[in-house]
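The values are calculated or read from the model by the stated rules, or taken from the named source; none is laboratory data. Bear in mind that the values here come from a model prediction, so they are computed numbers and not experimental data. Neighbour counts run over all protein chains shown; Cβ positions are idealised from the backbone, glycine included. Accessible surface areas use protein heavy atoms only, side chains included; no ligands, DNA or RNA. Shrake-Rupley method; radii C 1.70, N 1.55, O 1.52, S 1.80 Å.
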Amino acid sequence: MSADLLIPEAVARDTISPAAYADGAALEAFKWLRANNPLGKAELEGVYPFWIVSKHADILEISRQNDLFHSGDMPTTFTTIAGDDYVRKVTGGSPHLLRTLVQMDAPDHPKYRVLTQSWFLPQNIRHLEDRIRTIARAHVDRMAELGGECDFVRDVALTYPLRVVMQVMGVPQADEPRMLKLTQELFGASDPELNRSRSDLTENADAMGELQAVIADFFMYFKQITDDRKAHPRDDLATAIATGQIDGQPISDFEAMSYYVIVATAGHDTTSSSTAGAAWAMCDFPEQFAKVKADPSLIPGLVDESIRWTTPVKHFMRSATADYDLRDRKIAKGDWLWLAYPSGNRDEEVFGDPEAFRVDRNPNRHLAFGYGAHLCLGQHLAKMEMRILWEEMLPRLKSLEHAGEPALAAGSFVGGPKRLPIRYQMA
Ligand code: HEM
């Protein structure tokens, strides 16, 4: 392979290493890649070779061609060869522990997506606004009660989106702590502070074994909900999933439960991270806090910019179904590609001063929600709930600053702040 195509090992390692997303090394690696090898190939011991797609335009070009770049033929999120072997062994050959929308391609994908698509449309979720505002107010009140100091992640950002998505799903409030714990274990599998065994799972097969146990717990929980909604249909998302039909046949229990898992997990961890990212950024950029406080019409801009700045989904993988030329490179049929969303969202060709946090960035063409057929189903809900929280919070928040060392979670798939001590005054 020609030297200019191959990505230096240290740079490739900072792309896949969970720790590199906690200490900033991944963003440095992406900056280097955009400048020196925007579409290069990584060859590392123990993993299949893969392309790292670091430019905004290329991520869009690949994401929108869903027939040419499949989500389901190879692992949809990065794993080692040992991890992949393990999954294929336990699943009887499939590279996926779950079968959710993100692992599907046409013709199945559109059939499953349509089951819940209308639920997530802006005109449908509008009716949730009052309920969400009540949850937001309770969180703002709680922050006021905490008396001027809190860990914004623990006390606000984690529970607020969780309560919203559980309402949407129809999960009883009493079960929320259990869901929160399971979600953290699922998405925080590579962070020793968040995973189930509280250990450093350097062996990918161990991590996969742990994930499998967490998924089994999710399934057990949602099986009860599926059975209940089949017997007693209601006007909630759980009913739409449990009673959904594919080609005239009822959706299988396994697929219904995979569906719950993606909505329940994708629905809150990402939004929690972006909400905490907004608070972190407003501490780092106090003039932006002042600006949005003075002009609440900038709140939607604050929301979009915090999603860009945090980019809670770090990557998804695709594999090529045919040879494809891009940026003078030849992607071959079967090649595996890493879509580096945080890199696309800091691409200097698209965003002026990409490291800066600007609530009035306009246009803000971030790709944190992906693009193409898999474009995030929950994007309107995510933006609506974040907007409502800041609409309730900002008029009461008189000051905001760091009160200790914040920390990002280690994770190369999904993540954001895991600790954010803040000091504040509230009216
Ligand atoms: C800031 C918050 C969020 C971010 C950054 C985010 C990001 C993403 C991304 C990047 C994808 C694309 C996957 C791919 O291309 O393979 C996706 C898909 C998805 N998201 Fe989100 N998401 C967020 C919030 C939500 C919420 C609130 C929900 C639901 C309540 C949700 C549900 C989904 C679902 C069901 C999919 C799969 C769509 C498909 O494959 O057709 N997301 N999300």
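Figures for the structure shown
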item: So residue 236, is it closer than 21 Å to residue 128 by Cα and open to solvent by 10 Å² or more (accessible area, probe 1.4 Å); result: yes
item: Qualifying residue in the range 55-62 (condition: at pLDDT 95 or above, surrounded by fewer than 14 Cβ atoms within 10 Å (Cβ to Cβ) and either within 30 Å of residue 395 (Cα to Cα) or more than 16 Å from the ligand (Cβ to nearest atom) (or both)); result: no
item: Any pair with Cβ under 6 angstrom, 6 or more apart, that starts in the range 282-295 at a residue that is open to solvent by 60 Å² or more (accessible area, probe 1.4 Å) and ends at one that is not in a helix (DSSP H, G or I); result: 291/359; 293/394
item: Matching option when the condition is among the polar types (S, T, N, Q) and out of contact with any helix residue (DSSP H, G or I) (no Cβ under 7 Å at 6 or more places or on another chain), among 167, 117; result: 117
item: Residue check for residue 347: of a type in the set (Asp, Glu), within 20 Å of residue 78 (Cα to Cα) and surrounded by 18 or more Cβ atoms within 10 Å (Cβ to Cβ); result: no
item: Number of positions in the range 241-273 that are at pLDDT 90 or above and part of a helix (DSSP H, G or I); result: 6
item: Check on residue 97, within 14 Å of the ligand (Cβ to nearest atom) and either open to solvent by 30 Å² or more (accessible area, probe 1.4 Å) or under 30 Å from residue 156 (Cβ atoms) (or both); result: no
item: The range 21-50, residues that are in a helix (DSSP H, G or I) and either within 20 Å of residue 411 (Cβ to Cβ) or among the charged types (D, E, K, R) (or both); result: 21, 22, 23, 25, 26, 27, 28, 29, 30, 31, 33, 34
item: Test result for residue 322, farther than 30 Å from residue 293 by Cβ and more than 8 Å from the ligand (Cβ to nearest atom); result: yes
item: Residue list for the range 303-314, restricted to those being more than 9 Å from the ligand (Cβ to nearest atom) and out of contact with any Lys or Arg (no Cβ under 8 Å at 6 or more places or on another chain); result: 309, 314
item: Top-ranked residue of the range 359-386 - restricted to ones that are basic (Lys, Arg) and more than 12 Å from the ligand (Cβ to nearest atom), ranked as most open to solvent (accessible area, probe 1.4 Å); result: 365
item: Residue list for the range 254-281, restricted to those being charged (D, E, K, R) and either near the ligand (Cβ under 8 Å from one of its atoms) or surrounded by fewer than 24 Cβ atoms within 10 Å (Cβ to Cβ) (or both); result: 255
item: Unique match (being under 26 Å from residue 241 (Cβ atoms) and in contact (Cβ under 8 Å) with a residue 12 or more places away in the chain) among 83, 40, 72, 92; result: 72
item: Count - residues of the range 80-94 that are within 26 Å of residue 371 (Cα to Cα) and either within 12 Å of the ligand (Cβ to nearest atom) or in contact with a helix residue (DSSP H, G or I) (Cβ under 6 Å, 6 or more places away or on another chain) (or both); result: 1
item: Which numbered condition residue 114 misses (of (1) within 12 Å of the ligand (Cβ to nearest atom); (2) open to solvent by less than 30 Å² (accessible area, probe 1.4 Å); (3) without any contact (Cβ under 8 Å) to a residue 40 or more places away in the chain); result: (2)
item: Test: residue in the range 71-78 that is within 21 Å of residue 416 (Cα to Cα), in contact with a helix residue (DSSP H, G or I) (Cβ under 7 Å, 6 or more places away or on another chain), open to solvent by less than 40 Å² (accessible area, probe 1.4 Å) and part of a helix (DSSP H, G or I); result: no
